[in-house]
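Dropping a structure here in structure tokens format, bear with me for questions.
All of the numbers you see were taken from the coordinates with simple rules; none came from a lab. Remember, it's a predicted structure, so these values are computed and weren't measured experimentally. Cβ atoms come from the backbone with ideal geometry, glycine included; neighbour counts cover every protein chain shown.
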Amino acid sequence: MKADSTTKRVVLRGVYEDNLGIPRSCRGKGRARSCPAADDRPKRFGKVGKIGIIGLFAVVALLGFNFRIVYLDSVGPVAMQMSEQPPPPTPVASPVVQARPADGATEAMDLLVGSGFGPIIETAAETGREYDAMLSHLGTPMADLFDLKVQTIVIDPGHGGSDPGATGHQGLQEKDVALDIARRLRDKLAAVGTYRVLLTREDDRKVYLKERVAFAKENHADLFISIHINSVPAEAGPVNYVETFYFGPHTDQRSLDLAEKENRDSDYVMGDFREIIARIGDTLKTEESAQLAASIHSRLYSNLKRRSGDLMDAGAKTGPFVVLLGVEVPSVLIEVSCISNKAEETRLSTPHYRDSIAGFLETGIVAYLKRRTIRTKIDGDNRENVAQQER
Amino acid sequence: MSPSKKDNMLYVGIDLGTSRSVVSASNGSRNWVESYVGWPKDFVAKKMLGKRVLFGGEALEHRLSLDLSRPLQNGVIKEGTERDEAAVHELIGHLIGMAGAQPEEEMCVAVGVPAEALKVNKIAIRNAVSEHARKLMVVSEPFSVAYGLGALDNAMIIDIGAGTVDFCIMHGTVPLDEDQRSLLVAGDYIDEQLFRLLSEKHPEADFSLNMVRRFKEKHAFVGEPKRRIKIEAPVDGKFTQFDVTEEMRKACESPMPAIVETVIDLIAGFDPEFQEQVRKNIIVAGGGSQISGLDTYLAAVTKEFEPCNFTCINDPLYAGADGALQLATDMPEEFLEKL
């Protein structure tokens, strides 16, 4: 069995080109552990790295770069841009929750240099990476940095016990993957701030949706994040997509079907619904949930897309999920992956991939918290300006 | 093997596996080590062992005194931890040392890694090699096996390792992501199944996962047994004989449905005009290829779909490293200059 020389030459060129594509930034005498994989979130910088970053920010500040944070409006995301050369309109991953155009900017603040973050240009595709870098490089507690008001985050791993959720071709079960990602997300969030992060289930047991909602209330949750893994019927083919929901009417039949599936075993009775349906008009919660969903979804999708070329974006959108309706605080349900896709199931089997997903969720949550704080700050400054003018 | 292109260049092929790591070099040296790396837990252990780091069987033997790492568990550097990345670094250094390079020699190293590790740990592995060699390549294990065998066109490689079963269809180019698949139901999975089955059937006996792995490596088979398999395990401290034929068969056959399904699925996705050629040219490599009766079993199971020919390679331990060495040796000088 011998290959002809032409085939061999083609293959050798392919290997050569493949290996040329691998970054070589860490070459030399440094230890391998100081050079994390490109698709791993860097864990931390050494002393030299930290000094370098601080120095870089100092140089940027001295040069007088005039970067600004532009606040768009009360529900729009915050875009950071250069005052002289505004970037193109922010692309959004979500077809439902969309960024407002920069023309709607009402206030600008020179916060970037002052806050020590340097020139971060935020786009839906890039923010995940930028936040990864920021979180890792500064090592600053986010709660201290942004004066966060959120104290308790409840993470809800879907299904459990006798309810396995979706099952993949190789036997991987949604309940196990969701629990593992939830635990990893808890550890990550606990590490970046002073949050109290709780899980609705710590082990493989069945928890009714009503109990999950009650748990969030009893523990005075400020945010509620429900983690699930999607599955599609075999006839749909090997599709792979992520989608994120906050409570509201369904936007398509598939969302309705999915909500029916996830709402099974809710343990609610009809009487309960009179009260909770009255809360649908809680627009503040809906707006905040929409922001949270968009923030998490865009980062999850853009980062996972780099690993799974076939990944599709089903968007951040509304869906009639009981568990989201019952919780009174900003709440989202994320279908972080699609277990019915064989390749995706294999990836989900690896701890590294599940850890990456948890990292992307963390990035989205922290980004949401940061925006929330900036909005609060700008609102406060506006009120102060008005008061001064009146005086 | 073609002659070295430079007198002072040592070409090295490494197969970095979950269970065993192997090195072949153009100076004729061939070595392997179990993929365990251990660092003494404290200064007492360090003084007792007299080494900064231990590898393979020696590390396993002194595991109680060591922080032990099997870095490529499940086919990837475990959870991206610093310790496991450091273990890969140490392991590669050890393997390159085993190649016996002379101080004046320049090295060109090709490393075959599990397909999943190639996707997620490529840079970490490349960095681990780059300290030792300026010219280096990282490829997937099944590809390096295919290259070594010259099976570059219309062939499928199934590399049954400890952490993963890697599939790769060769069609005259470097395989793309869609030409490759990985399953986690591999050697370690068989060990776990066998351990569970034996513990359930003989609760009075003391089995350990390491014992069960040794039983498997000696007696693994699929299909009809050629003889009864009897092993010895301690019961209340006394070694007792057990017939484990049925349990061995069940455990070894447990990953087969997933393997067969993946073979059929990959062939079905291949160009229809060449499917027949691929079906006749399926090569089984890795430690799992030593399972007795595997080629006959797979041919019988796939017969009801379309007849396939499976060939288990002769030297599964060195096939990956030899292929990687061949790749390094064949790489044209103009390409090597830039690598």
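I want to check the label-to-label distance for B:GLU82 and B:ARG196. Put each point 7 Å from Cα in the C-beta direction and report it in nm to one decimal.
Modelled inter-label distance: 3.6 nm.
If R0 is 30 Å, what FRET efficiency do you get for B:GLN277 and A:MET312 from their C-beta distance, rounded to 0.05?
With R0 = 30 Å, the Cβ-Cβ based efficiency is 0.35.
What distance in nm lies between label points placed 7 Å from Cα along the C-beta direction at B:GLU246 and B:ASP177?
4.5
Right, something else. A:GLU260 versus B:THR296, label points 7 Å from Cα toward the beta carbon: distance in nm?
Each label point lies 7 Å from its Cα, and together they span 5.2 nm.
Related question: First measure r as the distance between the Cβ atoms of B:ASN309 and B:ASP265, then evaluate 1/(1 + (r/R0)^6) with R0 = 22 Å and state the FRET efficiency to the nearest 0.05.
0.75
Looking at segment B:127-230, which GluC sites (Glu not before Pro) are DSSP coil and have at most 14 other C-beta atoms within 10 Å of their C-beta?
B:GLU204
Ok, one more. Could you tell me which of the pairs A:LYS285/A:LYS317; B:LYS201/B:LYS230; A:LYS261/A:LYS305 are separated by over 19 angstrom between their Cα atoms in the structure shown?
A:LYS261/A:LYS305
On to the next question. If you take every residue apart from B:GLN241 with its C-beta less than 9 Å away from the C-beta of B:GLN241, what net charge results, scoring Lys and Arg +1 and Asp and Glu -1?
Computed value for this residue: -1.
On full extension of the chain, what length is gained from B:GLU34 through B:ARG134, given 0.36 nm per residue of separation minus the C-alpha to C-alpha distance?
33.4 nm
All other residues with a Cβ under 11 Å from the Cβ of B:PRO307 taken together, and with Lys, Arg as +1 and Asp, Glu as -1, what is their net charge?
0
Top mean-square fluctuation among B:VAL212, B:VAL37, B:VAL12, Gaussian network model of chain B, C-alpha springs under 10 Å?
Comparing B:VAL212, B:VAL37, B:VAL12 in the GNM, the peak value goes to B:VAL212.
Okay, next question. Let me know the longest stretch in chain B that avoids all trypsin sites (Lys or Arg not before Pro) found in a DSSP loop with at most 11 other C-beta atoms within 10 Å.
B:53-225
OK, next. How much length, in nm to one decimal, is gained on full extension between B:GLU61 and B:SER208, taken as 0.36 nm per residue of separation minus their Cα-Cα distance?
This chain segment gains 51.4 nm when fully extended.
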